[in-house]
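**Q** One structure, as structure tokens, below. Some questions next.
The values are calculated or read from the model by the stated rules, or taken from the named source; none is laboratory data. Note that this is a predicted model, so its numbers are computed, not measured. Ideal geometry is used to build each Cβ from the backbone, glycine not excepted, and the neighbour counts take in all protein chains shown. Calculation scope for accessible area: heavy atoms of the full protein, side chains included, ligands and nucleic acids excluded. Shrake-Rupley method; radii C 1.70, N 1.55, O 1.52, S 1.80 Å.
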Amino acid sequence: AGEPDYLPAIYARVDLLIAGQRNPEALDFAQKAAAGIEDPAIRNILLGDTHNKLGDRNKAYESYQRAAETAQDNVTLALKLYDLANALHGTEQAERGLSDWLDRSGKAEHTLAVANYLLRQGKHTQARHYYEAYLKQDEHNAAVHNNLAWLLAEQGDKQQALVAARKAHALSPASPAIMDTLGWLLLNNGSVAESEKYLLGAYKSLGHNP
């Protein structure tokens, strides 16, 4: 069925009511609006989002779980459940739930979306795990090798970081970001002369003159 065109307006109204500290009215409005939405996943995500904004994590989690019954392929929903499971039940259960969902999905793009999300959240160990899992499904993504190189370096694994950075460069040799990563890793590893080639290459490719 897809999202109704008026859904953004519903969210805007809920946000406005909450901003005005009219929380009961916000919940009542969201519930009445949800009753008119045909798709059960969209309906329950709206309720879950509203409960979450109102600070009721348990009801938000229950609503998201109901949404997941009919939206099993929704990575955004899976990540909402992951965040709330972390808050309500702890990291171990949250990680297990996310891993089980990805196993059921089997889609490389979902693994990548999870890895990118965890990287943005600063959860580097988990992000590394999912980047490595993604590369088992698609080893030709230069940006993922580059992100993995950065994470490995952050965790002190300099040699494997260089391996990942060289793979990224082999796949996308003209990328300034990838040349920059490789150059800095080489420099930090003591390979000054080799690093200069990549750092200058990145600088020049952005339209600068050394």
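**Q** Angle between the Cα long axis of helix 108-120 and the longest principal axis of the chain, 0 to 90 degrees, nearest 10?
**A** Approximately 90 degrees, to the nearest ten.
**Q** Taking the Cα atoms of the chain, report the difference between the largest and smallest coordinate on each principal axis, in whole Å and largest first.
**A** 66, 37, 30 Å, listed from the longest principal axis down.
**Q** Could you grab the relative contact order for the chain? Cα pairs under 8 Å, six or more apart, rounded to a whole percent.
**A** Working: 226 pairs, mean separation 18.1, N = 210.
Relative contact order, the chain: 9 percent.
**Q** Follow-up. So for segment 27-124, averaging the separation of alpha carbon pairs under 8 Å that are six or more residues apart and normalising by length, what relative contact order in percent results? Let's see the in-between values first.
**A** Details: 81 pairs, mean separation 17.5, N = 98.
Relative CO of segment 27-124 lands at 18 percent.
**Q** Using 26 Å as the Cα-Cα cut-off, could you pick out the over-long pairs in LYS107/LYS167; LYS59/LYS136; LYS123/LYS197; LYS32/LYS80; LYS167/LYS204? Please report the intermediate quantities before stating the final value.
**A** Numbers: LYS107/LYS167 23 Å; LYS59/LYS136 37 Å; LYS123/LYS197 32 Å; LYS32/LYS80 23 Å; LYS167/LYS204 21 Å.
Pairs exceeding the cut-off: LYS59/LYS136; LYS123/LYS197.
**Q** Ok, one more. Once every DSSP H run of n ≥ 4 in the chain is given -39500 (n - 2.57) and the sum is divided by its residues, what mean residue ellipticity at 222 nm do you get, rounded to the nearest 500 deg cm²/dmol? All intermediate terms of the calculation are to be shown ahead of the outcome.
**A** Working: 12 runs with 163 residues, N = 210.
Calculated mean residue ellipticity at 222 nm is -25000 deg cm²/dmol.
**Q** May I pose another question? Could you tell me which of PRO4, ASN58, LEU185 has its Cα farthest along the dipole of the chain towards the positive end, charges placed at Cβ (Lys, Arg +1; Asp, Glu -1), taken about the Cα centre?
**A** Projecting each Cα onto the dipole axis, the largest value belongs to LEU185.
**Q** Output the 0 to 90 degree angle, nearest 10, between the alpha-carbon long axis of helix 57-68 and the longest principal axis computed from the alpha carbons of the chain.
**A** It works out to around 80 degrees.
**Q** Now for a different question. Note the angle between two axes, namely the Cα long axis of helix 7-19 and the longest principal axis of the Cα atoms of the chain, as a number of degrees from 0 to 90, rounded to the nearest 10.
**A** Approximately 80 degrees, to the nearest 10.
**Q** How much of LYS167 can a 1.4 Å solvent probe reach, expressed as accessible area in Å² and rounded to 10?
**A** Here the accessible area works out near 110 Å².
**Q** Rounded to the nearest 10 Å², what accessible area does LYS123 show when all protein chains are kept and the probe is 1.4 Å?
**A** LYS123 has an accessible surface of roughly 50 Å² with all protein chains in place.
**Q** How big is the accessible area of VAL163 in square angstrom, nearest 10, if you roll a 1.4 angstrom probe over the protein chains?
**A** Here the residue's solvent-accessible area equals roughly 60 Å².
**Q** Which three extents, in angstrom, do the Cα atoms of segment 15-119 have along their principal axes, listed largest first?
**A** Dimensions of segment 15-119 along the principal axes of its Cα atoms: 40, 29, 20 Å.
**Q** Hey, another quick one. Using a 1.4 angstrom probe with every protein chain in place, what is the largest-first accessible-area order of TYR130, TYR11? Don't skip to the answer; put the middle values down first.
**A** Details: TYR130 10, TYR11 50 Å².
Solvent-accessible surface, decreasing: TYR11, TYR130.
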